[in-house]
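A short reminder: the numbers here are calculations on the coordinates, not readings from a lab. All figures in this text were calculated on a predicted structure; none of them were measured in a lab. Please note: Cβ atoms are built from the backbone with ideal geometry, for glycine as well, and neighbour counts cover all protein chains shown.
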Amino acid sequence: MLKSFISTGLVAGTLLAGTSAIALTDIESVDVSVDLEAIQNEKAALYWTSIADDLETAIIQRITDRIADKGTTVEIDIDEVSLANTFESVLDLEQSTLVGMVEVDDYPNAGKNQEYQLTVSYLQAQQFFPENVDISKITADSPEYYEGMIAAFADRVVEKLP
């Protein structure tokens, strides 16, 4: 499931991240992993089947202007228990989350390495829902829900990059 940042970046690199007065660190690779076999709930495992690829693509789309042969690597390990619980929280969707451990190895600047747990909530994902979507009709298996959670998580990862 791990993909080369360069090959994915060329395919998915249609969006550019905003420019800033601060020099941004070059990104060498982005890898997202999830052990779908560890999810005990079969329906949840099937629902989240492409999350690693989709999240990698979403992050890469936000940093295409920072792609480099050498630089910072980003590794994300999505919490399988969180995925299963989020899928099952249909009755209390507002409590659903997407959780993952993020490790940022900034090789040129070792002092800027980061490791943190990132949690994105359904409420944070709502800002990524299309304007015409009736939020009262969103369910845990709605495409808008899935895409919103991916977008919110990707944005938060990119915001925290050195």
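Residues that are assigned to a loop (DSSP other than H, G, I, E, B) and among the hydroxyl-bearing types (Ser, Thr, Tyr) within region 122-152 comprise THR139, SER142, listed in sequence order. Scanning region 75-114 for residues that are of a type in the set (S, T, N, Q), crowded, with 19+ Cβ neighbours inside 10 Å and assigned to a loop (DSSP other than H, G, I, E, B) yields a total of 1.
Scanning region 93-148 for residues that are farther than 30 Å from ASP69 by Cβ and among the hydroxyl-bearing types (Ser, Thr, Tyr) gives SER96, THR97, THR119, SER121, TYR122, SER136, THR139, SER142, TYR145, TYR146. Residue-level analysis places LEU123 among those that are farther than 26 Å from GLN40 by Cβ and either in contact (Cβ under 8 Å) with a residue 12 or more places away in the chain or exposed (fewer than 14 other Cβ atoms within 10 Å of the Cβ) (or both). The single condition from (1) closer than 22 Å to LYS43 by Cβ; (2) touching a Lys or Arg at 6+ places or on another chain (Cβ under 9 Å); (3) in a helix (DSSP H, G or I); (4) of a type in the set (Asp, Glu) that ASP155 fails is (1). Within region 31-53, the residues that satisfy the criterion of being under 16 Å from VAL102 (Cβ atoms) and not in a strand (DSSP E or B) are VAL34, ILE51, ALA52.
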